[in-house]
1. In region 329-354, how many are touching a strand residue (DSSP E or B) at 6+ places or on another chain (Cβ under 8 Å) and over 20 Å from GLY88 (Cβ atoms)?
2. Hey, any hits in region 4-22 for a residue that's in contact with a Lys or Arg (Cβ under 6 Å, 6 or more places away or on another chain), at pLDDT 95 or above, in a loop (DSSP other than H, G, I, E, B) and surrounded by 14 or more Cβ atoms within 10 Å (Cβ to Cβ)?
3. Restricting attention to region 179-201, which residues are part of a helix (DSSP H, G or I) and of a type outside the set (Ser, Thr, Tyr)?
4. Give region 85-101 a look and list any residue that's hydroxyl-bearing (Ser, Thr, Tyr) and either under 22 Å from ASP168 (Cα atoms) or in a loop (DSSP other than H, G, I, E, B) (or both), or say none.
5. Among the residues of region 114-122, is there at least one that is more than 16 Å from PRO330 (Cβ to Cβ), assigned by TED's automatic domain parsing to the domain that holds LEU146, β-branched (Val, Ile, Thr) and at pLDDT 95 or above?
6. Could you please let me know if GLN244 is of a type in the set (S, T, N, Q), farther than 30 Å from PRO98 by Cα and in contact with a helix residue (DSSP H, G or I) (Cβ under 9 Å, 6 or more places away or on another chain)?
7. Going by what's in this entry, would LEU224 be described as outside the structural domain of THR179 (by TED's automatic domain parsing) and assigned to a loop (DSSP other than H, G, I, E, B)?
8. Is there a residue in region 235-251 that is in a loop (DSSP other than H, G, I, E, B) and under 19 Å from HIS108 (Cβ atoms)?
Amino acid sequence: MTSSNVSQRDLSFQPQTVIIGTGSCIPARAILNEDFLDKAFFEDYGQPFAAEAIPKIVAKLKEITDISERRYVTDDLVASDLAFDAAGKALGSAGIDPETLDYIIVAHNFGDVQAGNLRTDMVPSLAARVKNKLRISNPGCICYDLAFGCPGWLQAVIQADYFLRSGDAKRALVIGSETLSRIADPYDRDSMIYADGAGAAVLEGRLSSEPVGILAHAVRSDTLEHSRLLWMGGSFNPDAGDHQLCLKMQGRKLYEYALTTVPGVVRESLERAGLQLADVDKVLLHQANGKMDDAILKRLFRLYGVKEIPEGIMPMTISWLGNSSVATLPTLLDLIQRGELPDQALASGATAVFASVGAGMNINSVVYRCP
């Protein structure tokens, strides 16, 4: 018996993982593209752009990513604060006692990074900090962190699914939280892509005579040739002087990698669920780059020989929220569930595919049917 084929499950005895509550924390500070017009950007290490080139760079950013604005956290908050906020909303949405949680898993990549201090802080774990802030006393509630690049939240959902389907756990709180604005190089034009935020979901194992919740998943990691498409390096500005590591990426190669591999992983997850693309009502992709997500969707439909893409099948938030890494998918889901995205909904019986790609390079995809 495996999780890779719905037909192989004995649904009368094996719990199925369903989402019973969602929440998100969207920082209040909206940073517009125009706010970067007075920035000094460098093309590479020690190679500054001329001042007159900056408006063109900012305009190009909108053209190739669809990003018009993004959200930054205020100086008094860190990633675990955002995670706690999203967690509280998810628990309220689920209407459960936090003491009944068996797991708290927090996906992130940089821990708590203070404003003005790029040193990462991950001891104790962010999950432990969230459990403490929630005032959960239950020692059977196990909390830990997961670092898996941008696909971290979805990978944590996959792990939680294993725990819940085993029957040894009943509920898990899965959170994605990040403050990318704190670790981006302000002299790198790629910094305009990054944003802050947190999203959370409460998962529960339930018995059902019909397949619901998480139906299947697929994951791959390509480290041999692609592990350095995203990495940590020094600032492009040699006079920055802080000798701290900043997030760097090879944007073009990352784009090509995602287009080549993500559609196949999504198809694999659907095949494991015994479904076709025509069975999918929504495709929820990691909000990394609007144009890239559009291209991934087209490639996915091309794999199935389908030319007409249903309108509204892929909800998007990147134009106003930017790329908040592990937070994009749970935030997108929460906004849909709360009816805050026009003309978007996940009704009972609807089938959604979640997919993400990021540092590693890692890709994952989950097929979910709403109960």
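1. 8
2. So far as region 4-22 goes, no, none of its residues is in contact with a Lys or Arg (Cβ under 6 Å, 6 or more places away or on another chain), at pLDDT 95 or above, in a loop (DSSP other than H, G, I, E, B) and surrounded by 14 or more Cβ atoms within 10 Å (Cβ to Cβ).
3. Taking region 179-201 as the starting set, the residues that turn out to be part of a helix (DSSP H, G or I) are 180-182, 189-193.
LEU180, ARG182, ARG189, ASP190, MET192, ILE193 - these are the residues of region 179-201 that are part of a helix (DSSP H, G or I) and of a type outside the set (Ser, Thr, Tyr).
4. Of all residues in region 85-101, those hydroxyl-bearing (Ser, Thr, Tyr) come to 93, 100.
THR100 - this is the single residue of region 85-101 that is hydroxyl-bearing (Ser, Thr, Tyr) and either under 22 Å from ASP168 (Cα atoms) or in a loop (DSSP other than H, G, I, E, B) (or both).
5. no
6. Values: of a type in the set (S, T, N, Q): yes; farther than 30 Å from PRO98 by Cα: yes; in contact with a helix residue (DSSP H, G or I) (Cβ under 9 Å, 6 or more places away or on another chain): no.
For GLN244, the condition - of a type in the set (S, T, N, Q), farther than 30 Å from PRO98 by Cα and in contact with a helix residue (DSSP H, G or I) (Cβ under 9 Å, 6 or more places away or on another chain) - is not met.
7. Details: outside the structural domain of THR179 (by TED's automatic domain parsing): yes; assigned to a loop (DSSP other than H, G, I, E, B): yes.
When the stated conditions are applied, LEU224 passes them.
8. Of the residues in region 235-251, the ones in a loop (DSSP other than H, G, I, E, B) are 235-245, 250.
Narrowing further to those that are under 19 Å from HIS108 (Cβ atoms): 244-245.
Yes, region 235-251 contains at least one residue that is in a loop (DSSP other than H, G, I, E, B) and under 19 Å from HIS108 (Cβ atoms).
The values are calculated or read from the model by the stated rules, or taken from the named source; none is laboratory data. The model shown is predicted, which means the values in this text are computed figures rather than measured ones. Ideal geometry is used to build each Cβ from the backbone, glycine not excepted, and the neighbour counts take in all protein chains shown.
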